[in-house]
There are 4 protein chains.
Amino acid sequence: MLQVGVFGSGGRMGGAACEALAGDPELELVAAVDPNRVGVLAGGLASASDRRAAADADVVVDFTVAEAARDNLVWLAEQKIHAVVGTTGFTDSDLERFGAAFTAAGRACIIAPNFAISAVLMMRFAELAAPYFDTAEVIELHHDAKIDAPSGTARLTVEKMAAASGSWAPDPTVHEMLSGVRGAEGPAGIRVHAVRMRGMVAHHEVILGAEGQTLTIRQDSTDRSSFMPGVLAAVKAAPDRSGLIVGLDALLGF
Amino acid sequence: MLQVGVFGSGGRMGGAACEALAGDPELELVAAVDPNRVGVLAGGLASASDRRAAADADVVVDFTVAEAARDNLVWLAEQKIHAVVGTTGFTDSDLERFGAAFTAAGRACIIAPNFAISAVLMMRFAELAAPYFDTAEVIELHHDAKIDAPSGTARLTVEKMAAASGSWAPDPTVHEMLSGVRGAEGPAGIRVHAVRMRGMVAHHEVILGAEGQTLTIRQDSTDRSSFMPGVLAAVKAAPDRSGLIVGLDALLGF
Amino acid sequence: MLQVGVFGSGGRMGGAACEALAGDPELELVAAVDPNRVGVLAGGLASASDRRAAADADVVVDFTVAEAARDNLVWLAEQKIHAVVGTTGFTDSDLERFGAAFTAAGRACIIAPNFAISAVLMMRFAELAAPYFDTAEVIELHHDAKIDAPSGTARLTVEKMAAASGSWAPDPTVHEMLSGVRGAEGPAGIRVHAVRMRGMVAHHEVILGAEGQTLTIRQDSTDRSSFMPGVLAAVKAAPDRSGLIVGLDALLGF
Amino acid sequence: MLQVGVFGSGGRMGGAACEALAGDPELELVAAVDPNRVGVLAGGLASASDRRAAADADVVVDFTVAEAARDNLVWLAEQKIHAVVGTTGFTDSDLERFGAAFTAAGRACIIAPNFAISAVLMMRFAELAAPYFDTAEVIELHHDAKIDAPSGTARLTVEKMAAASGSWAPDPTVHEMLSGVRGAEGPAGIRVHAVRMRGMVAHHEVILGAEGQTLTIRQDSTDRSSFMPGVLAAVKAAPDRSGLIVGLDALLGF
């Protein structure tokens, strides 16, 4: 049985991950690590403040913050432990470093800004559809307590669309009568808009257009519970992979 | 019977207006003016190149360009003729000048960025709903040949919402990781986003949010035919009004 | 200060109502009644099993079930207490009876299938827009544990639209290749569709169409908290009203 | 160069197909057949009333009616000509017969209810997503002159989704308070709703739900021009295929 640890077990996402992992018959939760919040989890497992508690795990799930994860992930690679990472805020050079460390270790580092299957499929479908359309824009909509914009999911989506097609119609705008009204220009000129709205949770919409038609792919996350099936799937897929994998869509069979 | 003239009869909107006016049993089309394109209209009326052909009209519909309309509208006020104006691109000082001229003449100058009843109602409903919500943003979506952004309809909508409520939650964004991603800041901090998409025509969406709920009001214009009922309604309403009226929603009974 | 009681205080909606009423500086919660679940509320008020505990209230909020409410409401009218009712499942003859009783008592009975302001405004806007369009349909979408269809909100919406306009284009369908695919025929032939979807909460969409354009009014409820502002508003409005009032939109100023 | 004929060249879709085929540098339009409307096409090609004019074509595009196409398609198989068919209204036994004839002839018969790439991708994405969700419903929305419901595209979509997953949550509805409100029950219990709305053209929306999340895939066709790229792609793909192929999504590479 796959032995799994969690870094950041005292946080909301990390705690939910502990619960989901402990409830899966194919997985064994062997370590819950959080230097700030030590306690006993639902299943009787005491959480540890030192990451060495996870030294025997096959896979570790990291839901911490970028500052801590930069060091944690390199340590995991050194210990030859696969990583499934929901922490956000990494730079391109962070990713390069993680990629090198895990490739050298022959272990997988799966980093995803969004573990909801609806978001994963949206990203993949947007990428597959991109070559068939002339224009595309992405709108992400979140609750009004979110302090960063755009979401990591929106950024990864436009990156994947830009990689899938470089052939997009130019922006027609000549007179921008309110500054910034066309949103942000992402890779390949694909525009990104961020809406912050009380009463919303987390939503992404990709619109693609061609002569006489449009295609819209939208995902709505209404509850944190939506992320756990994706975390479990990533944990189970990790042992068969190695190196850096960004986005859970890489694990889809199409 | 109300006698009506059209300025800009050789253009697409002006031509459609001539046809709609000629087909209405309550109205008589008495002058079609266009200095650039003179011809004979469907109903047998010859178009004129000089605006004086419309001197006996009760109401004139203007679908020209701002440069021409600035002068035309003042002339109409002097002739004591009501104006219904679909021309766009006026400045605030233009509007002030028109207001003064028509108020002095005891005639109405009805200027609307959008004559589609769906857009008119959207604007009015957004204004009525504004006081009940904490956050609001406007997304306008148009075909990818539109060179200005945002649409006049979007701008008028946020102006009316801002006038209806000044009590909006502040923008939560601290880290804008792609420049401009939060769109343009309109009056009262209401954000406006402009999407340009092949396969689309003209669409506006107002989203309002409060604790645990959102309200979305969306209008889709798929054909220029959608504008004519609004033009006819404005023409018929003009004789009972005077001074400057911006937005057809002022003619609604609620 | 207005004295308010709650019937059904042990239920989820009733409990939330107690909390909201107790927290409002303009209102005093004087009685919480539930024959099945007696206890002490957050504010120290002991709930009662007998409705007579509410005999001195000015207004009583009823979140029970139709069987209990049929008797409760008549009793409230007899006691000359205003009623604000979120209970559903009444027949037309129930409503008639309540109307007669409260009109005779000079007290108000405000019954609403939905207290969310987004739903209240949607209903009212649909009613105001109806005369301007040729076709209309309503789609309601709820979580997949909802056992009745369509929602009371959807039914009340089509009733109000049908009352606002009788001039709708006929259904064009000649070949219905899957039985029932056109949804239910509501009043004035307005079609209603009910979607049941895991991951959703409670959502309503009204679509209206005319030549070349459509107007869509949509409300999304993502949390029960969205109902309480409407309950408080109804409680405060009740003393100025009398007789039966169905739908909170009757309390809007437009 | 591939030689192509068109059956039904006098109709709107057939005429548009002639134009698109004639304009493609990789294709040669060699025959335009229509027994009812004979004439000279834009490119100088005279249309014929007898299908034998197309006897030397490699591929024939059929936009006629089911009654005519039943015989035409068998004749094409006999002549060893590939068929690309936009005609609708076939029964299951028609399809079986076409499959047998074209398989025997070693030629392809590509039948699609919708040649718009947005619809083709929507269908394929719905099929790929189906196994990841617990509930799904399809809403199709068309102009109010469409006499059949639901659209062939909607029917084919639910068939493909049902084939991709048999594991769907049961319909929760116990009280259907308006008859037919839950729409039609398609294969595997997937519900289908048909909206008929003035101002709309042709639109399809697939909604899929799982715990805490939904995925929506929507396509909007606003103009007949959206179909022609799909027709050309099917014509070019036909020579590499044989037997019956239903839905253009079978030609996608994923």
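Nothing in this text is a laboratory measurement; each read-out follows from the coordinates by a stated rule. Note that this is a predicted model, so its numbers are computed, not measured. So basically every Cβ, Gly included, is an ideal-geometry build from the backbone, and we count neighbours across all protein chains shown.
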For chain A, calculated [θ]222 nm from helices alone, where every DSSP H run of n ≥ 4 adds -39500 (n - 2.57):
-9000 deg cm²/dmol
I need to check one value: relative contact order of the stretch C:50-97, counting alpha carbon pairs closer than 8 Å and at least 6 residues apart, in percent.
44 percent
Which value in nm describes the separation of the simple spin-label points at D:Thr103 and D:Glu67, placed 7 Å from the Cα toward the beta carbon?
3.0 nm
Sum up the charges of everything whose Cβ sits under 11 Å from the Cβ of B:Gly11, counting Lys and Arg as +1 and Asp and Glu as -1, but leave B:Gly11 out.
0
Assuming R0 = 56 Å, what is the FRET efficiency of C:Asp50 and A:Ser49, from their Cβ-Cβ distance, to the nearest 0.05?
0.55
My understanding is that a pair violates if its Cα-Cα distance is over 19 Å; which of C:Lys80/C:Lys236; A:Lys80/A:Lys236; D:Lys146/D:Lys236; D:Lys80/D:Lys236 do that in this structure?
D:Lys146/D:Lys236
Starting from the Cα of A:Phe254, step 7 Å along the direction of its Cβ; do the same at A:Leu95; then give the gap between the two resulting points in nm.
2.5 nm
C-alpha long axis of helix A:66-78 to longest principal axis of chain A, angle in °
60 degrees
Can you list, shortest first and in nm, the gaps between the label point of A:Arg12 and those of its counterparts in the other copies, using a point 7 Å from Cα in the C-beta direction?
2.0, 4.8, 5.1
Rounded, prolate or oblate for the stretch C:117-222? Axes are the square roots of the Cα gyration tensor eigenvalues, ordered a ≥ b ≥ c, and the cut-off for rounded is a/c under 1.5.
oblate
Which whole-number percent gives the relative contact order of the stretch C:117-222, counting Cα pairs below 8 Å spaced six or more residues apart?
41 percent
Taking a label point 7 Å out from Cα toward Cβ, give me the nm distances from B:Ala164 to the same spot in the other copies, shortest first, one decimal.
1.4, 3.8, 4.0
What's the angle, to the nearest 10 degrees (0 to 90), between helix D:228-237's Cα axis and the longest principal axis of chain D?
70 degrees
at B:Pro131 the sorted inter-copy label distances (label 7 Å from Cα on Cβ side), in nanometres, are 2.3, 5.6, 5.7
Angle in degrees between helix C:117-129 and the longest Cα principal axis of chain C, rounded to the nearest 10
40 degrees
Near the axis that takes chain A to chain C, which A residue has its beta carbon closest, and at how many Å?
A:Thr222, 3
Cα centroid distance between the stretch D:186-244 and the stretch C:105-154, in Å?
30 Å
Report, for the stretch D:117-221, the % of DSSP beta bridges that are antiparallel, rounded to 5.
75 percent
Report the label-to-label distance for D:Ser225 and A:Asp240 in nanometres (one decimal), using points 7 Å from each Cα along the Cα→Cβ vector.
4.6 nm
Normalised by the number of residues in chain C, what is the relative contact order in percent for Cα pairs under 8 Å and 6+ residues apart?
21 percent
The summed charge of the B:Leu2 Cβ neighbourhood (under 10 Å; Lys/Arg +1, Asp/Glu -1) stands at -3
Going fewest to most other Cβ atoms within 10 Å around each Cβ, A:Met228, D:Met122 line up as A:Met228, D:Met122
Could you check which residue among A:Ala210, A:Ala108, A:Ala119 shows the biggest mean-square fluctuation in a GNM of chain A with a 10 Å Cα cutoff?
A:Ala210
